[in-house]
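First up is the structure itself, then whatever we jot down about it.
The values are calculated or read from the model by the stated rules, or taken from the named source; none is laboratory data. Since the structure is predicted, the reported quantities are computational estimates derived from the model, not experimental observations. Glycine also receives a Cβ, built like all others from the backbone with ideal geometry; neighbour counts cover every protein chain displayed. Areas reflect the complete protein model, heavy atoms only, side chains present, ligands, DNA and RNA absent. Shrake-Rupley method; radii C 1.70, N 1.55, O 1.52, S 1.80 Å.
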Amino acid sequence: MSEETQMDTLAYSSRMLSWAPLGKFLFVIAILIVNIVTSSMMVPFVTLAIGLSMMASSTNFKIPFFVGLALAEAILILAIGSGMISITGDKADPAIWDTHLLWFDIYMTHESFNKAWLVMFRGVAGMSVMISFATSTPIPHLSQALKQIHMPREVSELIVLIYRYGFLLLERMDAMWEAAHCRMGFNGFMNTMRTTASIAVGIFTSSSNLADKAQIALDCRNYQGYFPIYNTPPRLGIKWIAVTVIAFVLIYLFGMYTEDWIDMAELFFGGSL
């Protein structure tokens with residue numbers, strides 16, 4: 001089963017499929033915004049709880065392998081970035097850790113250490129909310145929902161085309177990767193680098209040819225510039241707006257109240273601060 005089929009199957013089988021796509025989108029955006037604008041360490045945990053609850057309610061935490069792999073890579077990048085934030089503190093503040101490692105000048109402060117953990121928590125929590133939305137909302141439903149707020153038809157249809165075309169490129173890359181693997185293209189570090197570069201160039205050069213074939217396929221199916229949806233998803237109602245506003249206000253007030261509850265630097269270096 002292809003990655004596109006896995007995503008579509010997962011979204012159409014979600015228990016949150018009957019929810020208004022625009023309502024879910026508005027709710028997720030509000031949660032992500034309040035997760036960023038508050039400086040409390042507790043708010044990301046609330047956001048993570050909401051995201052995990054939505055994932056459990058939607059698909060029982062079932063996600064395609066390639067989505068899980070992308071999440072693992074994103075978390076790794078987030079961890080590296082947070083680590084860099086923690087060791088690049090303001091030298092006007094007292095240092096928790098000050099040393100030189102190779103060509104790095106490490107200067108960790110109370111503020112930079114706390115900021116690094118906050119960024120890490122925010123990123124992981126935000127990803128859980130976005131994944132819960134992505135795995136419960138088919139792209140055609142989202143495109144149809146955007147038309148309800150008078151988004152230009154060209155924009156909404158472009159979203160669908162980019163989504164479909166992205167998976168075509170991914171399938172092409174998988175085929176090239178498997179072919180290179182069968183020919184011992186990844187035997188050794190230098191071979192791996194050369195093969196990876198060749199695959200990247202091949203994907204880039206073949207994208208135009210793939211686009212032409214995709215256009216021919218659309219023309220053969222009498223594509224008129226829009227994708228018809230016969231089972232129209234629910235529209236955004238006042239209930240969704242009310243729930244979104246209430247959730248935003250409650251979480252924001254909670255973040256203001258709990259701003260100083262958790263101090264990661266104090267937890268890790270309590271005795272030396």
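Of all residues in region 148-194, exactly one satisfies the criterion of being of a type in the set (Ser, Thr, Tyr), farther than 23 Å from Ala20 by Cβ and free of Cβ contacts under 8 Å to residues at least 24 places away in the same chain, namely Thr192. Scanning region 259-273 for residues that are of a type in the set (A, V, I, L, M, F, W, C), loosely packed, with under 15 Cβ neighbours inside 10 Å and not in a helix (DSSP H, G or I) returns Trp261, Leu273. The sole residue among Tyr252, Tyr223 that is more than 20 Å from Glu171 (Cα to Cα) and without any contact (Cβ under 8 Å) to a residue 24 or more places away in the chain is Tyr223. Residues that are open to solvent by 40 Å² or more (accessible area, probe 1.4 Å), modelled with pLDDT of 90 or more and more than 22 Å from Leu118 (Cα to Cα): does region 1-12 have at least one? No: region 1-12 contains no residue that is open to solvent by 40 Å² or more (accessible area, probe 1.4 Å), modelled with pLDDT of 90 or more and more than 22 Å from Leu118 (Cα to Cα).
Restricting Ile63, Ile33 to those that are among the aliphatic types (A, V, I, L, M) and at pLDDT 95 or above reduces the list to Ile33. Checked against (1) at pLDDT 85 or above; (2) within 28 Å of Tyr223 (Cα to Cα), Leu161 passes all but condition (1). Within this structure, Phe167 fails the test of being surrounded by 14 or more Cβ atoms within 10 Å (Cβ to Cβ) and either β-branched (Val, Ile, Thr) or more than 30 Å from Tyr223 (Cβ to Cβ) (or both). Within region 36-66, the set of residues being of a type in the set (Gly, Ala, Ser) and open to solvent by less than 10 Å² (accessible area, probe 1.4 Å) comprises Ser40, Gly51, Ser58.
In region 226-238, of all residues being of a type outside the set (Gly, Ala, Ser) and in contact (Cβ under 8 Å) with a residue 40 or more places away in the chain, the one that is least open to solvent (accessible area, probe 1.4 Å) corresponds to Pro233. Within region 157-206, the residues that satisfy the criterion of being aromatic (Phe, Trp, Tyr) and closer than 30 Å to Gln224 by Cβ are Tyr163, Tyr165, Phe167.
If you go through region 104-122 one residue at a time, do you hit one that is part of a helix (DSSP H, G or I), under 30 Å from Tyr12 (Cβ atoms) and not charged (D, E, K, R)? Among the residues of region 104-122, not one is part of a helix (DSSP H, G or I), under 30 Å from Tyr12 (Cβ atoms) and not charged (D, E, K, R), which makes the answer no. Within region 242-258, the set of residues being farther than 20 Å from Met41 by Cα and open to solvent by 70 Å² or more (accessible area, probe 1.4 Å) comprises Val243, Val245, Ile246. Filtering region 68-94 down to residues that are in a helix (DSSP H, G or I), open to solvent by 80 Å² or more (accessible area, probe 1.4 Å) and more than 12 Å from Lys115 (Cβ to Cβ), which residue is modelled with the lowest pLDDT? So, considering only residues that are in a helix (DSSP H, G or I), open to solvent by 80 Å² or more (accessible area, probe 1.4 Å) and more than 12 Å from Lys115 (Cβ to Cβ), the one modelled with the lowest pLDDT is Leu69. Filtered by the rule that a residue be touching a helix residue (DSSP H, G or I) at 6+ places or on another chain (Cβ under 7 Å) and assigned to a helix (DSSP H, G or I), region 1-24 gives Glu3, Glu4, Leu10, Pro21, Leu22, Gly23, Lys24.
Screening Ser136, Ser132, Ser143, Ser156 for residues that are closer than 21 Å to Gly237 by Cα and modelled with pLDDT under 80 leaves exactly one candidate, Ser156.
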